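A.B. asks: First, the structure itself, so that you have it in front of you.
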Amino acid sequence: MNLKYTAIKVDEIEKSKGMAIENCIGDATIDNLVLFVQKGLVDDNGVHGVSRSIALTKIDEYLAKKDKQELVLDIIEALIAGGFLPRTLDVEGIRVAMKEATQKANEGIKESLPHSEKNGEL
């Protein structure tokens, strides 16, 4: 997803939410993610900003391949690139940590299953 944030777009988000951008990104509801995609998406024609319905469609397309946490991290990366969040924030490190935590959780779940379920038997 091609996201880019400018001062105008961040100002629109902050005014809509009534708080600083740092606080806005903590809200991972679909409604909030739609707002971020609406304001930040650059479409195939180079137009910056899209309608709510297009943002929802783009989110559906994105979620068919990735998950909501990845979308949040992509938004954070775009905000960092625009200078609206600290450039020292290690988003790639967060991605790696999330992947490791998910792998450990999956291993724990698999280990807790009875032997027949571990092998795909019922």
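A.B. asks: When segment 77-97 is examined, which residues are found to be part of a loop (DSSP other than H, G, I, E, B) and surrounded by fewer than 15 Cβ atoms within 10 Å (Cβ to Cβ)?
C.D. replies: G83, P86, R87, T88, L89, D90
A.B. asks: Now for a different question. Taking segment 26-64 as the region of interest, how many residues are assigned to a helix (DSSP H, G or I), surrounded by fewer than 12 Cβ atoms within 10 Å (Cβ to Cβ) and under 17 Å from the mean Cα position of the chain (by Cα)?
C.D. replies: The number of residues fulfilling the criteria is 3.
A.B. asks: If T6 satisfies all but one of (1) out of contact with any Leu (no Cβ under 8 Å at 6 or more places or on another chain); (2) in contact (Cβ under 8 Å) with a residue 60 or more places away in the chain; (3) more than 16 Å from I80 (Cβ to Cβ), what's the number of the condition it fails?
C.D. replies: Among (1) out of contact with any Leu (no Cβ under 8 Å at 6 or more places or on another chain); (2) in contact (Cβ under 8 Å) with a residue 60 or more places away in the chain; (3) more than 16 Å from I80 (Cβ to Cβ), T6 violates only (3).
A.B. asks: Considering only segment 9-25, how many residues are farther than 13 Å from Q38 by Cα, assigned to a helix (DSSP H, G or I) and hydrophobic (A, V, I, L, M, F, W, C)?
C.D. replies: 2
A.B. asks: Further question: Any residue at all in segment 107-114 that is assigned by TED's automatic domain parsing to the domain that holds D11, surrounded by fewer than 12 Cβ atoms within 10 Å (Cβ to Cβ) and at pLDDT below 95?
C.D. replies: No, that holds for no residue.
A.B. asks: Here are K4, K15, K68, K9: which of them is of a type in the set (K, R) and modelled with pLDDT under 95?
C.D. replies: Just one listed residue meets the conditions, K68.
The values are calculated or read from the model by the stated rules, or taken from the named source; none is laboratory data. What you see is a predicted model, and the numbers here were worked out from it, not measured in a lab. Cβ atoms come from the backbone with ideal geometry, glycine included; neighbour counts cover every protein chain shown.
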